[in-house]
Amino acid sequence: MAHQESVTPASEEPRVDAAPVRRFRDPNYQPQAETLGALREKIDTLDAQIVALLASRALCVRDATRFKRNAFEVSSPKRQSRVFAKVRALAAAHASDFPSLPDVVEAAYRVLVAGFIEGEERFFAETEQID
């Protein structure tokens, strides 16, 4: 008798309260949670922390506007390059668990920095030069 796999229709979401239906072949793999629901709760908690950290970063970006003399200094291309290289290197330290993490982190930071620069340009327009 052949082994029959349970197949969930492609249009159906996986159950959040069920046991895993797959496992990694690596015997050293350490699961992060027992259910998909528990994983999603952990991800939601991490997302709240990440957003709070991004909000703190945004306040620093806003305050940095006070130190800029012109639009070029707001965009600061050399600083951008250093930030992208730095976060890529930070992510590389975790790449053994998720090999594409440096690419994901760099791509995310490129979007974040573009948004922060756009915001900082608006804030720059709201400042005045100190005599």
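Taking the criterion of being out of contact with any Lys or Arg (no Cβ under 7 Å at 6 or more places or on another chain) and either on the phi > 0 side of the Ramachandran plot or surrounded by 10 or more Cβ atoms within 10 Å (Cβ to Cβ) (or both), the residues of the range 94-110 that qualify are His94, Ala95, Phe98, Pro99, Ser100, Leu101, Asp103, Val104, Ala107, Ala108, Tyr109, Arg110.
None of Val74, Val83 is in contact (Cβ under 8 Å) with a residue 40 or more places away in the chain, closer than 30 Å to Glu126 by Cα and not small (Gly, Ala, Ser) except Val74.
Can you pull out the residues in the range 57-71 that are part of a helix (DSSP H, G or I) and either surrounded by 11 or more Cβ atoms within 10 Å (Cβ to Cβ) or modelled with pLDDT under 95 (or both)? Quick ask: steps written out before the conclusion?
Step one: filter the range 57-71 for residues part of a helix (DSSP H, G or I), giving 57-67, 71.
Matches in the range 57-71: Arg57, Ala58, Val61, Arg62, Asp63, Ala64, Thr65, Ala71.
Check whether at least one residue in the range 30-46 is of a type outside the set (Ser, Thr, Tyr), free of Cβ contacts under 8 Å to residues at least 24 places away in the same chain and either touching a strand residue (DSSP E or B) at 6+ places or on another chain (Cβ under 9 Å) or within 30 Å of Glu128 (Cα to Cα) (or both), and report yes or no.
No, every residue in the range 30-46 fails to be of a type outside the set (Ser, Thr, Tyr), free of Cβ contacts under 8 Å to residues at least 24 places away in the same chain and either touching a strand residue (DSSP E or B) at 6+ places or on another chain (Cβ under 9 Å) or within 30 Å of Glu128 (Cα to Cα) (or both).
Residue pairs whose Cβ atoms lie under 9 Å apart, sitting 6 or more positions apart in sequence or on different chains, and linking a residue in the range 103-131 that is under 12 Å from Gln80 (Cα atoms) to a partner that is among the hydroxyl-bearing types (Ser, Thr, Tyr) and surrounded by 12 or more Cβ atoms within 10 Å (Cβ to Cβ), are Ile117/Ser75; Ile117/Ser76.
The single condition from (1) part of a helix (DSSP H, G or I); (2) over 18 Å from the mean Cα position of the chain (by Cα); (3) basic (Lys, Arg) that Lys42 fails is (2).
The values are calculated or read from the model by the stated rules, or taken from the named source; none is laboratory data. Computed from a prediction, not measured in an experiment: that's the story for all the values here. Every residue, glycine among them, receives a Cβ derived from its backbone with ideal geometry; neighbour counts consider all protein chains shown.
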